[in-house]
1. (1) modelled with pLDDT of 95 or more; (2) surrounded by fewer than 22 Cβ atoms within 10 Å (Cβ to Cβ); (3) within 21 Å of the chain's Cα centre (by Cα): which one isn't true of residue 170, the others all being true?
2. Looking only at the range 31-60, count every residue that is in contact with a strand residue (DSSP E or B) (Cβ under 6 Å, 6 or more places away or on another chain) and either modelled with pLDDT under 95 or under 16 Å from residue 104 (Cα atoms) (or both) and tell me the total.
3. Residue check: is residue 230 surrounded by 15 or more Cβ atoms within 10 Å (Cβ to Cβ) and either more than 23 Å from residue 375 (Cα to Cα) or assigned by TED's automatic domain parsing to the domain that holds residue 326 (or both)?
4. State whether the residues of the range 269-290 include one that is without any contact (Cβ under 8 Å) to a residue 12 or more places away in the chain, more than 17 Å from residue 326 (Cα to Cα) and part of a helix (DSSP H, G or I).
5. If residue 225 satisfies every condition in (1) surrounded by fewer than 22 Cβ atoms within 10 Å (Cβ to Cβ); (2) under 30 Å from residue 294 (Cβ atoms); (3) touching a residue at least 40 places away in the same chain (Cβ under 8 Å) but one, which is the exception?
6. Only one of these is free of Cβ contacts under 8 Å to residues at least 24 places away in the same chain, over 15 Å from the mean Cα position of the chain (by Cα) and surrounded by 20 or more Cβ atoms within 10 Å (Cβ to Cβ): 264, 158, 242. Name it.
7. Is there a residue in the range 363-383 that is assigned to a loop (DSSP other than H, G, I, E, B), at pLDDT 95 or above and in contact with a strand residue (DSSP E or B) (Cβ under 9 Å, 6 or more places away or on another chain)?
8. For the range 390-399, which residues satisfy the criterion of being part of a loop (DSSP other than H, G, I, E, B) and touching a helix residue (DSSP H, G or I) at 6+ places or on another chain (Cβ under 9 Å)?
């Protein structure tokens, strides 16, 4: 069994001093994207049959969480309020209620997390919106994202007030800072798998690592359902269920009546080529659930694990010229803020049906930091497809 224990103060201080000599904190350059994760998924191996309720001590679960969309985590409850979290990467975590003892005889692979869970080093940027929705930003003491790169107002405010401090990115955390802040849990993105030495060092310092796998969910609402995972972790189950149910209700029935509108979702890179989403990825699933048809559904040739494909302008033109709706992804390229900007990038856009009809929309970084808002985003897309007027929550019409 691996238990969550803080290192002895003297040992911690010596480790921090030594690490301060040999390590430096890595800071993002100004204007860096809010997530340090590249657009292609890192090589995380998902374990088939990862749901394992054998604690090693003979205890049997009294109930299991019924998940509607998520497939990369499970939750099982045991007598006394103990809850076992299994993740699709094969890791398991036992959440121990406040004041309850750690059970004897636990399997060696189980990490023990004692409630109340706080002093978190949050590196997985996708999860911040879930903490925000659960009114649990006070559980985070260190961020792996710098203040200016958060689009979530509550996160910027907390960092501005010093309640959350920047502690370095996944590949080079400020270990001295983490120790001095008493960090008790690191919530990492899958990028931590590229730096196993960082994971090992965190564990050596008594900081357990939990890798956030929401980005491996095929369904957009599966990503949103991760709020229920954090609800268990933070002891806010009912609030989490209500937040998730609100998103589900926003999409009920939308995909049952297709709008008949074809949609291109893209941005232009520095070479002038169009970068589009891979057919079948979560953005294209949102388009389908909003009642639209993705203009590049028949494209082939995406690299395994890639979420995008790059097309030369001629190929993009051939596929998207007659699309009813264009959605420009300004979370990657923020150089387009008007139709004139788009036409300045390529005069071919003048021939596009959506440009001629004024049905060009823009989504910004805020959409990518709002995993929980999948239902709202799908609803926004549906409104755009059927001819909504004015600005929506996560989409803005280009004029």
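The values are calculated or read from the model by the stated rules, or taken from the named source; none is laboratory data. Bear in mind the structure is a predicted one, so any value in this text is a computation, not a measurement. So basically every Cβ, Gly included, is an ideal-geometry build from the backbone, and we count neighbours across all protein chains shown.
1. Every condition holds for residue 170 apart from (2).
2. 3
3. Here the answer is no, as residue 230 does not meet what is asked.
4. Looking through the range 269-290, none of the residues is without any contact (Cβ under 8 Å) to a residue 12 or more places away in the chain, more than 17 Å from residue 326 (Cα to Cα) and part of a helix (DSSP H, G or I).
5. Single failed check for residue 225: (1).
6. 158
7. No, the range 363-383 has no match at all.
8. Listed by number, the residues that qualify are 392, 393, 394, 395, 398, 399.
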